[in-house]
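Novice: A single structure is presented below for examination.
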């Protein structure tokens, strides 16, 4: 009788192992199939998000990032960009770094390694650019405070489909779609907006 019980326990143990294995395989299968559906769902959501502006009729966003809060040309540039945005049916997003014109000028003059320097004007512009990328601006017109320091951020914005118009301080070709003067920047940005459509 003990031998029978032992054999019965072994069989039950083997069945339990088989059932556990089958249940594990089933769980893995369900997880994988759910992941596939989730990825497809995520792709659908991404596609919906990309097309949301076009479908909803939302106005394109034109962003202007200036070099300082008190630049001599700020008022005139903002006025020109406001008129251009209105003509294009675009929303204008203006961002001014919280630095003086003198601090911005000092940042532009930094050469070589700027990592160990106090670079608030550059950091402010980096933060503003990241904010505009998150807000899904279509075109960003920027008067860079430093050509080399902002290149990675500008290139990253371009990589996600944002068009960049730089003026006042040259940046590398991979960092902008167009480089122009401050006076021509509103029309250059309008051209980039039209290219988006």
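None of the figures in this text is laboratory data; all of them are computed from the coordinates on show. From a predicted model like this one, the values you see are computed outputs, not experimental measurements. Cβ atoms come from the backbone with ideal geometry, glycine included; neighbour counts cover every protein chain shown.
Novice: Taking the beta-carbon count within 10 Å as an exposure proxy, list 133, 160, 153, 94 from fewest neighbours to most.
Specialist: Listing 133, 160, 153, 94 from fewest to most nearby Cβ atoms yields 160, 94, 133, 153.
Novice: Per-residue counts of other Cβ atoms within 10 Å, averaged by peptide: what ranking do you get for 176-183, 72-79, 101-108, 135-142, highest first?
Specialist: Packing proxy ranking, top to bottom: 135-142, 101-108, 176-183, 72-79.
Novice: Suppose R0 equals 25 Å; then what is the FRET efficiency for residue 72 and residue 160 from their Cβ-Cβ distance, rounded to the nearest 0.05?
Specialist: My answer for the efficiency is 0.15.
Novice: Continuing with the same structure: Could you tell me which of rounded, prolate or oblate describes segment 143-197, using a ≥ b ≥ c as the square roots of the eigenvalues of the alpha-carbon gyration tensor, with rounded for a/c under 1.5 and, failing that, prolate when a/b is larger than b/c and oblate otherwise?
Specialist: oblate
Novice: Based on other C-beta atoms within 10 Å, arrange 98, 70 from fewest to most.
Specialist: 98, 70
Novice: Based on the alpha-carbon gyration tensor of segment 59-196, what equivalent-ellipsoid semi-axes (square roots of 5 times the eigenvalues) come out, in whole Å, largest first?
Specialist: 23, 16, 13
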